[in-house]
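As C-alpha cells, the structure follows; a few thoughts come after it.
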Amino acid sequence: MLKPNKIVSSNFLSSLDISNEEVINLLNLAQNFKNKDINIQLKNKVLGLIFDKSSTRTRVSFQVAMSRLGGTTIDLNPTTSQIGRGEPIRDTARVLSRYCDALAIRTFKQSDLEEYARWSSKPVINALTDLEHPCQALADFMTIKEEFNDFSKVVLTFIGDGNNVANSLILCGALLDVEVRISCPKGYEPNSAIIKKALEISNKKDFLKIINDPHVAVVGSNVLYTDVWSSMGEENKKEKKDIDFDGFNINNDLLKKAKKDAIVLHCLPAYRDKEITNEVFESKNSRIFEQAENRLHVQQALLASLLS
Ligand code: CP
Ligand code: NVA
C-alpha cells in the first residue's frame, strides 16, 4: 500500500493541486478508511477550521475525520475570533499556522484562500470558495467509482448552475478521464478559466460538453448531478435565478432519458422540488447519502496524506 504521506504533501486549494495519479491514490486510500482496513494515527495534530460561510457536512466530516485519526480540530468561528473584526489574513495565517498543523478554510474569494496559503507555514485546504469545492469532488468521484468502478466509461451530467461544484467536477473529471456534460441556461456556464485548464489536462478527446438542453444532455448519462441554483452569497439573485432555471430540475422525465442504471447525486443541502424533485431525491437511483458519507472518508485520506 502506498504511504499516505506520498500522496498530497502541501496545500489543497484546487482540484488542480493534485495529479491524476494522486487523485486515484487518494480515492483508494479513502476506500481503505471506509473498509476500516487501515489505521493511521495523527496523535496531537490539530486542524483549524475557518468557516466564513455556513456548513454542516464539511465542518462535521473534518471534525470526525480528525477525531478518528486521533487528532483534534479548533472551530475558529470568524464572529468570535478577530477574523470577523478584519484582522488581515496575512497576520491571522502567520499566527494560526504556528498553533495548528493545517487549516481548512471556507470563504468567498479564491484569492483570499490563496492569501492564507501564501502566509501560512502549514497546509491549507479549500473547504469551499465561490470558485471551487475540491473536497466535495473527491467524495463525488469516490461515490461514482463505488458504483461503476471504471471511470473511462462514465458520463457525468451536471444540470444546473455553472458554480463552484460544477467547476470542481470539471477539473476532477478531467484528471480522471470522465466525460463531463454541463447543462445550464445560457449565461450560467462554468468559469471559462477553469474550462481552459481542464481542457489542457484532459487526455480524453471531447471530454467536456456544454449542452443547454437538459433533455439532450442526459441521454446516455450514467450520473445525473445537481446543486442549488443560488449558492451561498447569492441570496439577492435567488428570485431571478429561480425563473432562469425553470426546466433545469432533475425529475423523473429526465431520469428516464438517462441510462437505465443511472445514479443521482446532489452535494447537499438541497431544495426539494426546485433543482430536484422529492421523488428523484428519494428514488432508488439516488446515492446522495452515500455521497455525503464519503465526504468523511476522502477527508480522512486527505488529512492522513497531508499530516502523517
Ligand atoms: N456539501 C457541502 O459542502 O455541505 P455543507 O455546506 O453542509 O458543508
Ligand atoms: N454551490 C453551493 C454548494 C454548497 C455546498 C454553495 O456554494 O452554496
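Any read-out appearing in this document is the output of simple, stated calculations on the displayed coordinates, not a laboratory observation. No experiment lies behind these values; they were computed from the predicted model shown. Don't worry about glycine lacking a Cβ; one is built from the backbone with ideal geometry, like all the others, and counts go over all protein chains shown.
Between PRO134, PRO185, ILE276, the Cα set farthest toward the positive side of the dipole of the chain (charges on each charged residue's Cβ, about the Cα centre) is that of PRO134.
Using the Cβ of ILE210 as centre and a radius below 15 Å, the other residues enclosed give a net charge of -1, where K and R count +1 and D and E count -1. Taking the Cα centre of the stretch 119-205 as reference, the dipole from Cβ charges on Lys and Arg (+1) and Asp and Glu (-1) amounts to some 240 debye. In the elastic network of the chain, a GNM with C-alpha springs shorter than 10 Å, the most mobile of GLU239, GLU22, GLU114 is GLU239. Look at where the Cα atoms of the stretch 111-149 and of the stretch 234-308 average out, and the two centres are 17 Å apart. Comparing mean-square fluctuations of ARG94, ARG59, ARG295 from a GNM of the chain with C-alpha springs under 10 Å, the top value falls on ARG94.
Taking a point 7 Å from the Cα of GLU290 along the Cα-to-Cβ direction, the residues of the stretch 119-163 with backbone N closer than 11 Å to it are 142-149.
Charge dipole of the stretch 41-171 (Cα centre as origin; +1 on each Lys and Arg Cβ, -1 on each Asp and Glu Cβ, all else neutral): 520 debye, rounded to the nearest 20.
Only Lys, Arg, Asp and Glu carry charge here, each on its Cβ (+1 for the first two, -1 for the last two); on that basis the chain has a dipole of about 740 debye about its Cα centre. A dipole drawn for the stretch 60-186 from +1 and -1 charges on Cβ atoms has a positive end, and of ILE144, LEU176, GLY84 the residue lying farthest that way is GLY84.
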